[in-house]
Amino acid sequence: FMNWDKPILTDSGGFQVFSLTSLRKIKEEGVYFNSHIDGHKIFMGPEESMQIQSNLASTIAMAFDECPSSLATREYIQNSVDRTKRWLYRCKAEMQRLNSLPDTINPNQMLFGINQGGTFADIRIEHAKAISELDLDGYALGGLAVGETHEEMYHIIEETVPYLPQNKPTYLMGVGTPANILEAVDRGVDFFDCVYPSRNGRHGHVYTNHGKLNLFNAKFELDERPIEEGCGCPACKNYSRAYIRHLLKAKEMLGMRLCVLHNLYFYNTMMEEIREAIEEHRYASYKKAKLEGFEMKEEN
């Protein structure tokens, strides 16, 4: 359907379950929850999550986990992490079984484990050590950007990443702003996923090297410049801020589409720059200049 012949990552459903707080019950075997659409009862455990992801035939499947609230007590988070660890063993066993079947669509599907522990560094570290022993294809940091401060998030990344395998990719789930990405890369993170570029784009928020702009603002009504001078995205090459603002105000879908195209182009370009800066051993100066640019505000 997607016509995308490149890597695809599927999530396990753990975070989606977290977002259905009022509709779900977590037990050792898995999670019972009610459909947010029609209320019918659904069960999903580690095996069901692996089976769904195997049928989707993604390149990378994520282990089924619980994503506890950042406001949960230490006791709750410890119990949750212990269960997530037990679920990971079940995910690995089921993934191996599915990959060995003759009719499996992608028998080379990879499994990533997810580190949890809220903002308790010691729980995070112990969990990182435990899941590292399973020799998975990669490891993710989950349960961040769910209510804690940016400083708390950076601290947890800094404390935890050294205890994950250095020869395997490290993935920060659900993060984040351009500044978040720059800070996380500095702390050893390799890749990310986030709704920011698309969701914020649909609300007229666009990212530039001089900070974020809200194209709904009246000051862009007659602004003939592109979103960002020199940007090679389809929006900047063909349309002005004024026109895109007009589309947004008129509730034309093209306005949202152009903002999303720009944001995705901006993010992808930044990731290319990050890779290049790392390879050329100048990441520290690149990060400093980029963050200083985000702080700048346009004169008009």
Out of the residues in the range 174-193 that are in contact (Cβ under 8 Å) with a residue 40 or more places away in the chain and assigned to a loop (DSSP other than H, G, I, E, B), state the one that is farthest from residue 147 (Cα to Cα). 189
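Hey, which of the helices (runs of 4 or more DSSP H) in the range 201-300, taking only ones fully inside, have at least 1 residues that are within 18 Å of residue 184 (Cα to Cα) and of a type in the set (Ser, Thr, Tyr)? It would help to see each step written out before you state the result.
Working: elements: 234-238, 241-249, 253-279, 283-295.
It comes to 253-279, 283-295.
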Within the range 157-167, residues within 26 Å of residue 196 (Cα to Cα) and not aliphatic (A, V, I, L, M) come out as 158, 159, 160
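Among the residues in the range 267-285, are any touching a strand residue (DSSP E or B) at 6+ places or on another chain (Cβ under 9 Å), within 15 Å of residue 198 (Cβ to Cβ) and either in contact (Cβ under 8 Å) with a residue 24 or more places away in the chain or not β-branched (Val, Ile, Thr) (or both)?
yes
Which one of these is surrounded by 15 or more Cβ atoms within 10 Å (Cβ to Cβ) and on the phi > 0 side of the Ramachandran plot: 143, 113?
On the way: 113 fails: on the phi > 0 side of the Ramachandran plot.
Result: 143 is the single residue among 143, 113 that is surrounded by 15 or more Cβ atoms within 10 Å (Cβ to Cβ) and on the phi > 0 side of the Ramachandran plot.
Yes/no per residue for (1) of a type in the set (Asp, Glu); (2) closer than 30 Å to residue 159 by Cβ; (3) touching a Phe, Trp or Tyr at 6+ places or on another chain (Cβ under 6 Å):
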residue: 197; (1), (2), (3): no, yes, yes
residue: 202; (1), (2), (3): no, no, no
residue: 207; (1), (2), (3): no, yes, yes
residue: 212; (1), (2), (3): no, yes, no
residue: 215; (1), (2), (3): no, no, no
residue: 222; (1), (2), (3): no, no, no
residue: 228; (1), (2), (3): yes, no, no
residue: 231; (1), (2), (3): no, no, no
If you go through 239, 265, 243, the only one that is under 23 Å from the mean Cα position of the chain (by Cα) and outside the structural domain of residue 187 (by TED's automatic domain parsing) is 265
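The values are calculated or read from the model by the stated rules, or taken from the named source; none is laboratory data. Only a predicted model underlies this, so the values are computations on that prediction, with no experimental measurement involved. Because the Cβ atoms are built from the backbone with ideal geometry, glycine has one as well, and the counts that use them run over all protein chains shown.
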